[in-house]
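The values are calculated or read from the model by the stated rules, or taken from the named source; none is laboratory data. The shown structure was predicted, so the numbers you read here are calculated from the model rather than taken from an experiment. Note that each Cβ is placed from the backbone with ideal geometry, even for glycine, and that neighbours are counted across all protein chains shown.
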Amino acid sequence: MTAEQESAVHQPAAERKLPGQEFSGPARIAAAGEAISADELQLAARNHGIPLETLRYDITPIGLHYLLIHYDIPDIDAVSWRLRLGGLVEHPLSLGLDELRTRPRVTTRVTMECAGNGRANLEPRPVSQPWLVEAVGTAEWTGTPLAPLLRAAAPLATARDVVFTGADHGIERGVEQTYQRSLSLAQAMDDDVLLAYEMNGAPLPPQHGAPLRLVIPGWYGMAQVKWLQDITVIDREFTGFQQAAAYRLRKEPDEPGIPVERMVPRALLIPPGWPDFMSRTRFLHPGPVELRGRAWSGHAPVRSVEVSTDDGATWQPAALDPPVGRWAWRGWRLPWTAQPGQHVLAVRATDESGRTQPTEQPWNRGGFANNLVHHVPVVVIEP
């Protein structure tokens, strides 16, 4: 392991405030009635979710796939870039993009969701990227499996965690850091974990992690490190900021919290009809309507989807489309006869592990793993 890797993995991130500079403070909860701040709007302008009408696509077009960038998009020369795999291994590796492309090639369709999806709907609201429900997308990721590379490097008997380091660097809550996340060695050796260099059949675009990113099917997006440059095997639990401080389910700031990992079940409805420009309230004419949408879970395949046309008073089972991949969302549909008046449509998913969406959302300080039932108000008007 190089001195640089040793410092990055084994030492805590530097915590310092530079003269004349302002830093985001500890995670904060908005006061009752507090409006979205300029800082939150700035995040919302840099990052984006999918327009819900584009749930009609089995594979989300690249420009519509949800996007969260913690810091800046790094300026990386793909020709000189190399992936380093080291730490507690017998055979450290260094591979360029062309070398990775000569290795076994796998394409996997994966639904990926931001861990904070739905955060802005919580009350009180955790102050951060103000997601509603659109922070999701499904892409076909192409690359080479991680496990054979780890086997070639031969982790030592003392190996415990595998740390993935991106090239993006910034400050979060006063902590200067390079983005890092980890998996246990057993998790990293899962055959489905992928080092991806293509998205939807095209070279990985800069905003999605070019030249190489980690893809862990079934996990929330924060684990899928972009702009990957180092993989380091260590002999202890990794306690970097993004692993131990961020992305934890906690109600009080001093709690150790439960780590956020796999996606909980969620179903979304493609809003029927057409929208009002500002409010996005949906309007449609009376008559037959096919309600459609998508459902997914990172724990187990989707078992059922239920739809309500009366704000949750009653529920009907929806028909499920054939699966399009173990790790991809699943389409659903239900016929509805729209009657004049105001209605609230709702949808919820249950997976084969028995997990389902709540009608009342358990609250946590980060707004993570929030899978409250999706509600869509509609107004049916005579033509």
Restricting to region 353-383, what's the tally of residues that are within 21 Å of the chain's Cα centre (by Cα) and either part of a loop (DSSP other than H, G, I, E, B) or of a type in the set (S, T, N, Q) (or both)? 18
In region 224-259, how many are among the β-branched types (Val, Ile, Thr) and out of contact with any strand residue (DSSP E or B) (no Cβ under 6 Å at 6 or more places or on another chain)? 1
Among the residues that make up region 169-176, is at least one of them farther than 20 Å from LEU43 by Cα and hydrophobic (A, V, I, L, M, F, W, C)? no
For region 160-219, give me each residue that is within 20 Å of ILE69 (Cβ to Cβ), out of contact with any strand residue (DSSP E or B) (no Cβ under 9 Å at 6 or more places or on another chain) and of a type in the set (A, V, I, L, M, F, W, C). ALA202
Might you let me know whether region 177-191 holds any residue that is closer than 25 Å to LEU93 by Cα, buried (at least 22 other Cβ atoms within 10 Å of the Cβ), assigned by TED's automatic domain parsing to the domain that holds LEU85 and touching a Pro at 6+ places or on another chain (Cβ under 7 Å)? no
Take residues that are touching a Lys or Arg at 6+ places or on another chain (Cβ under 9 Å) and surrounded by fewer than 13 Cβ atoms within 10 Å (Cβ to Cβ) and tell me which of the strands (runs of 3 or more DSSP E) falling wholly in region 276-316 contain 1 or more. 287-296
Can you tell me how many residues within region 252-275 are loosely packed, with under 11 Cβ neighbours inside 10 Å and either in contact (Cβ under 8 Å) with a residue 60 or more places away in the chain or among the polar types (S, T, N, Q) (or both)? 1
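Restrict the check to region 322-330 and report whether at least one residue is outside any strand (DSSP E or B) and closer than 23 Å to GLY287 by Cβ.
no
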Looking at (1) of a type in the set (Lys, Arg); (2) at pLDDT below 95; (3) not assigned by TED's automatic domain parsing to the domain that holds PRO124, can you tell me which one LYS251 breaks? (3)
Could you list, in sequence order, all residues of region 326-343 that are buried (at least 16 other Cβ atoms within 10 Å of the Cβ) and either outside the structural domain of HIS375 (by TED's automatic domain parsing) or out of contact with any Leu (no Cβ under 9 Å at 6 or more places or on another chain) (or both)? TRP327, ALA328, HIS343
If I ask for residues that are under 30 Å from LEU55 (Cβ atoms), in contact with a helix residue (DSSP H, G or I) (Cβ under 8 Å, 6 or more places away or on another chain) and surrounded by fewer than 18 Cβ atoms within 10 Å (Cβ to Cβ), which ones from region 95-154 would you list? LEU132
